[in-house]
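Below: one structure, written as structure tokens.
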Amino acid sequence: MPPFSLLVKPAGADCNLGCRYCFYREKAALYPQTPHPRMTEKTLRELLRRYPVGSIAFQGGEPTLMGEAFYRRAAEIAAGGIDFSIQTNGTLITPSFAEFLAEDDWLVGLSIDGPEPLHDRYREQFAAVRRGYDRLMAAGAKTNTMTLVSKANIGHAEEVYRFLRDELGSKNQQYIECTAPAPYAISGEEWGEFLCRLFDAWFFDGDTHRISIRLFDSIISKLVFGTPQVCQFAADCRNYLVVEWNGDVYPCDFHVEKAWKLGNIHENSLEELWESAKMRDFGLRKQDWPEQCGKCEYLAFCMGDCPRNRPTHSAGRAPSVMCSGYKRFFAYALPRLESLAAGI
């Protein structure tokens, strides 16, 4: 197994929903000559030739714009050497597509932000999202849910959690904070409040051993094994490589930008790019945190958070905009998480 996984964007930033606050929308500006990019079979074959064994997650944009046939072809070319997954809004999942994903043992992540009244991302298409998810469940596909926490649902932690658990049957949940653009972004204080309320619902509903919440699991993993499960809490930003539709490679999907382009799979081996000086520099800047982070009692858990959340100004780098929220959450939940970790 290689030391890294791949995050592949076969349709680039293209999406059939085009949510205004999707952070990846702006990445389309890198390829203005191709408004609707698509990975060719030639690039897919080169990708799998250079990465014959490992883990590949298809994301976007919306990766299902490629169509079911593209993923069937990927599975045929890989011939069992790759652990595949896909993150989707679900609107383009047909019964046949769902059956393929289930039969080929793909992990499918559904992007959904809660019940319909809170679903600011694509309220008009909510029925299509549910229909796609229901098809995945009916086919027996492995699924989890990813929820963006924005101004639309920030005050409804318990409602969102129980909707995902009870109505969708989601036993694996991931929550991501929305930090831009301003009309949708939440503050650190709001994030801390949401996490504390989410924790209470999970803990006091008796779900600690039957519902996985990735952030909580990551902290328990850190306590038990010394390593987190989420990259923003790692000590180094070298966690995976991003492959765009045309084979361009970047170190992180939050940093798909010209300055951080590592190379292209048609010209470079992935091992070469992983070991490059630019990738090394990208990874080590994680520990370029401000002085106050070095003095914080929770540094071992957050490691300064993701660099994308650290504002830079003339005086240097500031703490994460989510810092106050994480401090509140750690102070509130760590004792109980330590108790859970002690039982493992």
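The values are calculated or read from the model by the stated rules, or taken from the named source; none is laboratory data. Keep in mind that this is a model prediction, so the values were computed, not measured. Here Cβ is always computed from backbone atoms with ideal geometry, including for glycine, and neighbour counts include all displayed protein chains. The protein model used for the area step is the full one, side chains on, heavy atoms only, and it has no ligands, DNA or RNA in it. Shrake-Rupley method; radii C 1.70, N 1.55, O 1.52, S 1.80 Å.
Working out 0.36 nm times the residue gap between Arg285 and Glu338, then minus their Cα-Cα distance, what length gain in nm do you get to one decimal?
Going from the current span to full extension adds 16.2 nm.
So for the pair Ala127, Ile77, with labels modelled 7 Å out along Cα→Cβ, what separation do we get in nm?
Calculated label separation equals 3.7 nm.
Evaluate E = 1/(1 + (r/R0)^6) for Phe204 and Glu41, where r is the Cβ-Cβ distance and R0 equals 45 Å; express this FRET efficiency to the nearest 0.05.
With R0 = 45 Å, the Cβ-Cβ based efficiency is 0.30.
Which percent of the accessible heavy-atom area of the range 143-203 goes to carbon and sulfur, probe 1.4 angstrom?
In the range 143-203, the share of accessible area belonging to carbon and sulfur is 50 percent.
Take the Cα pairs of the range 19-128, get the Kirkwood Rh, then feed it into Stokes-Einstein at 4 °C and 1.567 mPa s and tell me D in µm²/s.
Roughly 84 µm²/s, to the nearest whole number.
Which entries of Lys151/Lys286; Lys151/Lys261; Lys171/Lys258 show an alpha-carbon separation above 30 angstrom in the structure shown?
Lys151/Lys261; Lys171/Lys258
If Lys and Arg each add +1 and Asp and Glu each add -1, what is the summed charge of the other residues whose beta carbon sits under 11 Å from the beta carbon of Val230?
Net of charged neighbours comes to 0.
Restricting to bridges with both residues inside the chain, how much of the DSSP beta-bridge set is antiparallel, in percent to the nearest 5?
Roughly 15 percent of the beta bridges in the chain run antiparallel, per DSSP.
If you count, for each residue, the other Cβ atoms within 10 Å and average over each peptide, how do 29-35, 85-91 line up from highest to lowest?
85-91, 29-35
Determine which lysines satisfy two conditions relative to Lys42: a Cα distance under 17 Å, and not lying fewer than 8 residues away in the same chain.
Lys9
From a point 7 Å beyond the Cα of Asp134 in the direction of its Cβ, which residues of the range 151-185 have a backbone N at a distance under 15 Å?
Within reach of a label on Asp134, which here means backbone N under 15 Å from a point 7 Å along Cα→Cβ, the range 151-185 contributes 167-169.
Please compute the per residue accessible area over the range 172-254 with all protein chains in place, 1.4 Å probe, rounded to a whole number of Å².
Ligands and nucleic acids excluded, the figure is 37 Å² per residue.
If each of Phe225 and Lys171 carries a label point 7 Å out from its Cα toward its Cβ, how far apart are those two points in nm?
Taking the two extended label points, one gets 1.9 nm.
If I model the chain as equal point scatterers sitting on the Cα atoms and use the Debye formula, what is log10 I(q)/I(0) at q = 0.09, 0.10, 0.12 Å⁻¹?
-0.49, -0.62, -0.92
Roughly how many Å² of Arg162 are accessible to a 1.4 Å probe, to the nearest 10?
Roll a 1.4 Å probe over it and Arg162 shows about 90 Å².
Write down the accessible area per residue of the range 69-167 in Å², having rolled a 1.4 Å probe over the full set of protein chains.
40
What whole-number distance in Å separates the alpha-carbon centres of the range 294-313 and the range 180-198?
So the two Cα centres are separated by 17 Å.
Test of understanding: in a Gaussian network model of the chain with alpha carbons linked when under 10 Å, which of His36, His209, His266 would top the mean-square fluctuation ranking?
Maximum fluctuation in the GNM of the chain, among the listed residues, is at His209.
Rounded to the nearest 0.05, what FRET efficiency is calculated for Ala300 and Ala180 with R0 set to 30 Å and r the Cβ-Cβ distance?
For Ala300 and Ala180, the calculated efficiency is 0.65.
Straight distance only, please: which aspartates and glutamates reach the Cα of Lys295 with their own Cα at less than 17 Å, same-chain residues fewer than 8 apart left out?
Leaving aside aspartates and glutamates fewer than 8 places away in the same chain, those within reach of Lys295 are Asp305.
Given points 7 Å out from each Cα along the Cα-Cβ axis, report the Arg20 to Asp104 separation in nanometres with one decimal.
So the two model labels end up 3.6 nm from each other.
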